[in-house]
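Shown next, in structure tokens, is the structure this report addresses.
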Amino acid sequence: MEVPGNLADTVRRNAQIAAKGVNRTAIVWRNHEYTWTETDELVDAYARGLRQLGLKPGNPHPARVAIAVPNRPEFVTVYFAVLRAGLIAVPLNPGYTGRELHELLTDSGASVLVATPNVLAALREQDATPSDLAHVYVVGDDSNSADPRAGERPIAALAMPGEPIAADTGGEDVAVLLYTSGTEGRPKGAMLSHRALLANHAQVAAIAPPPIGADDVVLLAVPLFHAYGLNSALGAVAYHGATGVLVDPSDATGALHAIRASGVTSLIGVPTMYSAWAQAAASEATNVDVFASVRVAVSGAAPLDVAVARRFEAVAGQAIQVGYGLTETAPVVTTTLASPVPKDGSIGRVLPGVDVRLIGAGGTQIWRSDAPASAAANDFDDDAAGSPGTDPGEISVRGANLFSGYWPDGRDAPDSDGWWATADVAYADADGDLFLVDRLRQLILVHGFNVYPAEVEQVLVMHPAVAEAAVVGVPHEPSGQTVKAYVVARSDVTAAELADHCAHNLARFKCPTEYEFVAELPHSVTGKVRRAALGDIAAAAVDG
């Protein structure tokens with residue numbers, strides 16, 4: 001398949017195929033279906049409107065258009081219109097507070113905001129309007145509530161009639177500015193080029209058999225402002241000319257109804273979604289056959305608990321495939337779809353066209369994906385020690401799917417050889433399957449020994465009274481750090497009981513020495529525990 005230079009060209013190509021008599025449905029939303037021809041025409045109309053605002057590609061960066069809209073058709077058409085107009089799309093979480101929205105709008109320098117009334121109401125609570133913001137368009141069932149006195153206009157006002165326009169940007173031009181979750185500090189805008197976005201589709205499509213094709217119906221449940229939902233789901237639908245079914249990420253029952261009504265063949269979700277879908281399907285007798293049309297189910301963005309996978313498979317008769325990636329890698333790096341036999345706890349094998357190496361202490365190379373599995377580590381690096389799979393190492397990635405650095409100056413981009421260090425820790429087994437250990441920056445050092453939070457958390461949730469747990473390192477004398485656990489209990493349990501449980505399952509230096517029982521843990525939109533927020537709480541407790 002020829003890869004176009006601008007991601008929005010995929011929409012035009014699908015419309016051209018439709019003109020030859022194969023006009024597939026592009027997007028399904030509630031009771032509405034939009035063909036690729038209709039979608040392409042609306043993308044053109046919005047792109048013309050953006051250009052008539054005087055927004056054009058420029059140096060060093062084109063104008064930025066922020067999109068703070070949930071999973072609705074308007075997100076789809078505005079997103080591709082921004083790309084076709086040669087501008088940079090800045091997807092934002094519509095559930096953010098006014099402070100968070102203001103911060104990201106200011107940092108990105110967005111001159112246009114497309115948002116829901118709720119987003120605009122949150123922004124009005126701020127003392128100031130982002131200085132670069134000049135145009136605001138309202139999306140939603142009540143978009144006619146736009147206030148012209150505040151510079152707001154309904155999204156329909158952006159659509160301008162005229163001749164089809166062609167994208168004049170692509171390749172290395174930045175297409176999307178995606179802000180990382182900020183779990184380890186202030187959010188950073190990752191600059192993703194058209195090259196990176198398109199390359200990841202070509203890499204995933206090189207898996208045999210390809211996970212998605214033109215005949216597939218894909219559930220678009222992951223929020224589209226997230227890299228996973230934006231490119232692995234929506235982008236893949238456009239790249240392959242498939243059909244996307246938009247649903248509310250939080251409505252499990254609605255998702256089941258959409259799966260059955262539209263004959264969804266491809267599920268793309270996060271672990272919390274699979275857990276909710278399994279529970280909803282099991283609780284309604286009418287939903288037992290809801291997954292009959294599904295041929296592939298993929299989970300990403302957060303670790304998949306084996307118990308969740310088993311529950312879903314029992315209800316759906318379909319195993320969940322696991323993928324690993326990051327915003328900066330557009331986003332997929334590995335998947336169990338590339339493994340002959342998926343393994344529990346594995347994130348699978350490296351995608352075709354992507355290189356991965358594991359870097360150990362002191363910068364020694366432990367393992368590399370493009371080397372024979374049986375090769376010794378010192379075949380890769382004269383200074384390496386050990387053999388593949390013996391020790392965890394930091395994942396470093398190289399491939400055409402990598403980002404161009406962080407906004408606005410491209411800092412922390414891949415090095416001169418194309419490698420980028422992820423700060424994730426993994427090991428590879430003898431077959432070349434990878435197993436994620438933890439985030440490098442979240443390591444806890446107790447007496448100089450590494451403690452990986454995920455390992456301690458897994459032991460804690462093994463206790464029948466523990467619903468969820470997260471651990472962080474806190475300052476401690478004389479060990480340097482000690483492990484503190486935050487626990488959400490499902491039934492009565494004491495710290496002493498948990499300490500005894502851990503002592504039976506973990507080396508002494510890994511065991512928490514402090515326990516705090518909380519009603520809930522802070523999570524990101526994709527279900528990850530925001531350990532940085534726990535760290536702030538711990539630091540405050542120590543300082544107090």
What does the highest-first list of 105-115, 15-25, 226-236, 522-532 look like by mean Cβ count within 10 Å? 226-236, 105-115, 522-532, 15-25
Kindly identify segment 398-444 as rounded, prolate or oblate by the Cα gyration tensor criterion: order the square roots of the eigenvalues as a ≥ b ≥ c, call it rounded if a/c is under 1.5, otherwise compare a/b with b/c, prolate if a/b is larger, else oblate. oblate
So, with a 1.4 angstrom probe, what is the percent of accessible area on the chain that is carbon and sulfur? 51
Please work out how much length the chain gains when fully extended from Met462 to Leu445, using 0.36 nm per residue of separation minus the C-alpha to C-alpha distance, in nm with one decimal. 3.8 nm
Restricting to lysines 8 or more places apart or on different chains, can you count the pairs in the chain with Cα atoms under 23 Å from each other? 5
Would you mind pulling out the separation of the Cα centroids of segment 17-35 and segment 75-151, in Å? 28
How large is the Kirkwood hydrodynamic radius of segment 294-358, in angstrom, based on all distinct alpha carbon pairs? 12.4
For a test of the definition: using alpha carbon positions, the gyration tensor, and the 1.5 limit on a/c, classify segment 63-110 as rounded, prolate or oblate. oblate
Classify segment 425-544 as rounded, prolate or oblate, taking a ≥ b ≥ c as the square roots of the eigenvalues of its Cα gyration tensor: rounded when a/c is under 1.5, otherwise prolate if a/b is larger than b/c and oblate if not. rounded
Where the centre of each part is set by its Cα atoms, how far does segment 41-70 sit from segment 184-245, in angstrom? 21
Kirkwood-Stokes translational diffusion coefficient of segment 161-249, alpha-carbon pairs, 37 °C, 0.692 mPa s, µm²/s: 224
Taking 1 over the mean of 1/r across every pair of different Cα atoms in segment 200-272, what Kirkwood radius in Å do you get? 12.3
First select every other residue whose beta carbon is under 14 angstrom from the beta carbon of Glu103; then total the charges, Lys and Arg +1, Asp and Glu -1. -2
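The values are calculated or read from the model by the stated rules, or taken from the named source; none is laboratory data. Small disclaimer: the values here were computed from a predicted structure and weren't measured. Positions of Cβ are generated from backbone atoms using ideal geometry, with glycine treated the same way; all protein chains shown enter the neighbour counts. Note: areas computed on protein heavy atoms with side chains; ligands, DNA, RNA excluded. Shrake-Rupley method; radii C 1.70, N 1.55, O 1.52, S 1.80 Å.
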